[in-house]
Amino acid sequence: MKKVARRSAAAVILAAVLTIGLGYFVFMYVTEGKSWATYYANSHLSGAVQSSTVDVYDRNGLPLLTAADGKRAYSDDPGIRMSTLHTIGDLDGYIFSPALKVFSEELTGYNPFSGVSSRADSLTLSLDAGLCKIALSALKGAAGTVGVYNYKTGEILCMVSSPTYDPYSPPDLSESEVGYEGVYVNRFLSSAYVPGSVFKLVTAACAIDTIDDIFTQKFVCRGSLTLSGQKIVCNNVHGEIGFKTALAKSCNAAFAEIAVQLGSDILGDFVEDTGVCGGIGFQGLKTSSGNFDLNGANTGDLAWAGIGQYTNLVNPCTLMTFMGAIANGGEQRLPSLIAGMEGKKGEQLISPVTAGLLKEMMANNVTQSYGSSNFPGLKICAKSGTAEVGSGANPHAWFAGFLDDPNNPYAFVVISEHSGSGSEVAGSIANTVLQALVKS
Ligand SMILES: [Zn+2]
């Protein structure tokens, strides 16, 4: 009798496990079915350009990927093919296609009973392909990235990654990669760079929030200082210098002192809250994460971190949305790659008051340091960066900011690798792209 009781108990347990398992599967099927069905391996939906049936156009209706004689055809213009390669993807599947990914995520429907269905048979991207071509040409062969988006709607107008190539004649990289280092990577979405002085905007925002008398403090720059045995060198000998001018002149001595005043905990928490060294997600895409880590850092490390060096890393797309947030009174607008589809409202990254003060300082950077005449007609607010990337290597040139102009609400990021001065090299690329954009 005992044996029978034991067996029936075992049967009940088994039945219970099966029921729970089935229930779990049904639950997962209903809640996760779409992501299973549109998983990247389902290449006819979201994967390789080769097997895709989706026609892709730019925001002006220019064909970027269409069907021709049963094959996939790119634009007739080689400059457009090259500058949109990291958005569309290549024929061999080496380069991930953000375009096909957002199509599967946003324009493919899913029904638990009938499976996947397309809500559209073509995709019109938010990109202006002509602008991408101009941006690629402005990089003049340097590796790097140029991104521009509308910080009100989130639409990405320009996303260029260099080096690139013509998908109709891919390079043979089996022997050497010279000139093609990291060519399969979309540097805008999937890289993390040392930010250098563009990071001073984050340190400045934290100082505005934390240090009551920051705008009346005076710092003394003697060209260098030593903290915890580390020599921190400035780009000049600035003498007595205030906060606003310290940002405009990108004074390392002043920002080292500001970072030390803030301390690791406050600066670390602030960076975490703004998410500027994290990654962002939109329309099924995820940007690479950056880095900000002051664990075990001494005073010298903390100073370098506040200046944007040390182990700091940022993703260009994430930084661009931070620029948009400064322009938007502190509120982040997530990007969108689809024409007419707004990006999601993000978080309030910094307070409206801090955003307003930072905006004024970024406008002052241009008038006081970079030269308004280098950006004719543009209401530009910006910060340059010249990021040191190892001894002997020419630094990366950065320029990031936005137009404070309701008719042209664009935020941007430019990185030209190993190109030297941020404001001269990357600033000039930004001007070329923004001039073309506001005139279009
Ligand atoms: Zn200085």
| field | Interchain or long-range residues, amide H under 5 Å from residue 333's placed H | value | 325, 346
| message | Within the chain, what whole-number % of the accessible surface is contributed by carbon and sulfur, with the 1.4 Å probe and all protein chains included in the calculation? | response | 53 percent
| said: So if I take the centroid of the Cα atoms in the stretch 300-326 and the same for the stretch 387-440, what is the distance between those two points in Å? | reply: 15 Å
| query | Mind checking the angle between helix 352-365 and the chain's longest principal axis? C-alpha axes, 0 to 90 degrees, to the nearest 10. | reply | 60 degrees
| field | Heavy atoms of residue 293 accessible to a 1.4 Å probe, total area in Å² rounded to 10 | value | 70 Å²
| query | Helix-derived [θ] at 222 nm for the chain: sum -39500 (n - 2.57) over DSSP H runs of at least 4, divide by residue count, nearest 500? | reply | -11000 deg cm²/dmol
| note | note: the stretch 151-219, Cα-Cα separations exceeding 13 Å make up a percent value of 78 percent
| Over the chain, what per residue volume does the convex hull of the Cα atoms give, in whole Å³? | 204 Å³
| Which longest uninterrupted range of the chain lacks any trypsin sites (Lys or Arg not before Pro) assigned by DSSP to a loop state (not H, G, I, E or B) and surrounded by at most 10 other Cβ atoms within 10 Å? | 223-440
| task | Exposed loop GluC sites (Glu not before Pro) only (DSSP loop, at most 11 other Cβ atoms within 10 Å): please give the longest stretch of the chain free of them, not including the sites. | result | 182-440
| field | Filtered chymotrypsin sites (Phe, Trp or Tyr not before Pro), the stretch 123-194: DSSP coil and at most 15 other beta carbons within 10 Å | value | 168
| field | Values of log10 I(q)/I(0), in the order q = 0.20 Å⁻¹, for the stretch 188-250 under a Debye, Cα-only, solvent-free model | value | -0.93
| said: List the residues, sorted by chain then number, that are 5 or more residues from residue 108 or on another chain and whose placed amide H is less than 5 Å from its amide H. | reply: 119
| request: Treat the stretch 190-439 as a sphere of radius equal to its Kirkwood radius over Cα pairs and apply Stokes-Einstein at 4 °C in a medium of 1.567 mPa s; give the translational diffusion coefficient in µm²/s, rounded to a whole number. | output: 72 µm²/s
| task | With 26 Å as the limit, write out which pairs from 244/286; 244/379; 152/439 have Cα-Cα distances beyond it, or answer none. | result | 244/286
| query | From a point 7 Å beyond the Cα of residue 298 in the direction of its Cβ, which residues of the stretch 215-242 have a backbone N at a distance under 14 Å? | reply | 226-232
| message | Check which residues have an amide H placed less than 5 Å from residue 57's amide H, if you skip close sequence neighbours. | response | 64, 123, 124, 125
| remark: To the nearest 10 degrees, the tilt of helix 316-327 (Cα long axis) against the first principal axis of the alpha carbons of the chain is 60 degrees
| task | Hey, can you find the accessible area per residue of the chain for me, probe 1.4 Å, expressed in square angstrom? | result | 43 Å²
| field | Extension reserve of the residue 374-residue 67 stretch, reckoned as 0.36 nm per residue once the Cα distance is removed | value | 106.2 nm
| field | Vicinal HN-Hα couplings computed from phi for the stretch 255-263 (Karplus, 6.51 cos²θ - 1.76 cosθ + 1.60; Hz; Gly/Pro x) | value | 6, 4, 5, 5, 4, 5, 4, 5, x
| task | Measure nothing but the geometry: give the 0 to 90° angle between the long axis through the Cα atoms of 200-210 and the longest principal axis through the Cα atoms of the chain, rounded to 10°. | result | 80 degrees
| query | At what distance in nm do the modelled label points of residue 16 and residue 173 sit from each other, each positioned 7 Å from its Cα along Cα→Cβ? | reply | 5.5 nm
| message | Just to check I understand the Karplus step: with θ = phi - 60° and J = 6.51 cos²θ - 1.76 cosθ + 1.60, what whole-Hz values come out for the stretch 296-312, glycine and proline as x? | response | x, 6, 8, 4, x, 4, 4, 4, 4, 5, x, 8, x, 10, 6, 9, 5
| task | Check cross-link reach from residue 231 to the lysines: straight Cα distance under 22 Å, and skip same-chain residues fewer than eight apart. | result | 200, 218, 249
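The values are calculated or read from the model by the stated rules, or taken from the named source; none is laboratory data. None of these values were measured; they are calculated from a predicted model. Glycine also receives a Cβ, built like all others from the backbone with ideal geometry; neighbour counts cover every protein chain displayed. What goes into the accessible areas is simple: the full protein's heavy atoms, side chains included, and nothing from ligands, DNA or RNA. Shrake-Rupley method; radii C 1.70, N 1.55, O 1.52, S 1.80 Å.
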